[in-house]
Amino acid sequence: MLVAVSLLTGMFGIAKVLMQTLPIAEVGMFRFFTSLMFMLPWVAINGIGVLKTERPFAHFWRAFFGATSLLAGIYAVHHMLLADATVLTFTIPLWSIIMAALFLGERIRFRRALATIIGFCGILMVVQPQTGIEPAALVALLAAILATCALTTMKNLTKTEPSNRIVFYFLFWGFIILAIPAALDFRMPAGEEWLWLLALGFVGSTGQYCLTRAYAAGEMTIIAPLDYMRIIIAVGIGFVFFGEVPDAWAISGGAVVLASCGYIVRREAMLRKQVPPESNSP
C-alpha cells in the first residue's frame with residue numbers, strides 16, 4: 001500500500017507537468033493507454049484466456065468510476081496546489097457516511113456524526129470559501145466521491161478476480177471511456193512529452209497493481225489509513241518540483257481532515273470487533 005500511494009501520488013505530479021502543454025482529457029486517456037501497453041506482455045505470455053471473466057459489468061463500472069475520478073483529480077491538481085487537492089481527496093470516509101445515511105437508511109451515531117462535522121470544518125479551512133469556493137476544489141471533492149465508488153467495486157472484485165485481470169480491464173475500459181472526450185480536443189504529443197507519457201503509464205499501472213494487491217491481501221480498515229502518506233508525499237513533490245508551499249490554513253485544515261477521517265476508520269474497526277459472531281443455533 002505504501003508503494004502504491006507513492007507511485008499514484010507521483011502519477012498526479014507527472015500529470016501536472018503534462019497538463020502544462022496537453023489537454024486534460026488527453027492526459028487522462030494516455031494514462032490508461034500507456035499503462036495498458038505495459039500489460040500486453042502479461043497477456044501475450046499467459047494467453048488470451050487469462051482475460052476470461054464472469055463479471056464484465058463489474059469491471060466496466062469499476063473503470064467508469066475510476067476513470068471519471070482520475071479526470072476530476074487531474075483537473076483539480078492542475079488548478080490547485082498538489083497538496084491541497086490531495087487533502088480534499090481524503091474526504092472519502094466523510095462522503096461514505098453521508099451517502100450511507102441518505103441512500104441506505106443507516107443511522108449515524110453521535111461520535112461518527114461529530115467526527116464528520118469536524119472533518120467538514122477541516123475542508124472549509126483548506127478551501128477557504130470567504131473569497132468564493134474555487135471550482136477546482138468542488139471537482140476535487142467529486143473525485144473523492146467517485147473514488148469511493150471505485151474502491152468499493154474493486155474490493156468486491158478481488159473476492160473472485162485476480163489482481164492482473166482487474167488492472168487490465170480497469171485500463172482497457174478507462175481508455176475507451178476517456179478516448180471519447182480526448183478525441184474532441186486532441187493534440188499530438190511531441191518530443192519530451194512522449195517520455196513523460198511513458199512514465200505516467202508505468203507509474204500509474206504499477207501503482208494500480210500494488211493498490212489492488214493491497215486491498216486483496218488485507219482489510220480496508222487496516223489498509224486505508226496508510227493512504228494518508230499521500231499528504232506527505234504530495235507536499236514534497238509540490239515543493240521540490242513546482243515550488244508549492246501550502247499556507248497555514250491549508251496545513252491546519254489538512255490535519256483536521258486527516259484526524260477526523262482517521263478516527264472514523266479506527267472507530268469502525270473497533271465496532272466490527274465488538275460484534276459477536278453469528279450463532280449457528282436456530
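A protection proxy built from the mean count of other Cβ atoms within 10 Å ranks the segments 78-86, 196-204, 38-46, most packed first, as 78-86, 196-204, 38-46.
For Glu244, the amide hydrogen comes within under 5 Å of the amide hydrogens of Phe239, counting only partners 5 or more places away or on other chains and with H modelled in the peptide plane.
Subtract the Cα-Cα distance of Arg111 and Phe241 from 0.36 nm times their separation in residues, and report this length gain in nm to one decimal.
Full-extension gain reported as 42.8 nm.
In sequence order, the stretch 246-255 has phi-based couplings of x, 7, 4, 5, 5, 5, 5, x, x, 5 Hz under the Karplus curve 6.51 cos²θ - 1.76 cosθ + 1.60, θ = phi - 60°, and Gly or Pro positions carry x.
Just so you know, all these numbers are worked out from the coordinates, no wet-lab data involved. All values derive from a computational prediction rather than experimental measurement. Glycine also receives a Cβ, built like all others from the backbone with ideal geometry; neighbour counts cover every protein chain displayed.
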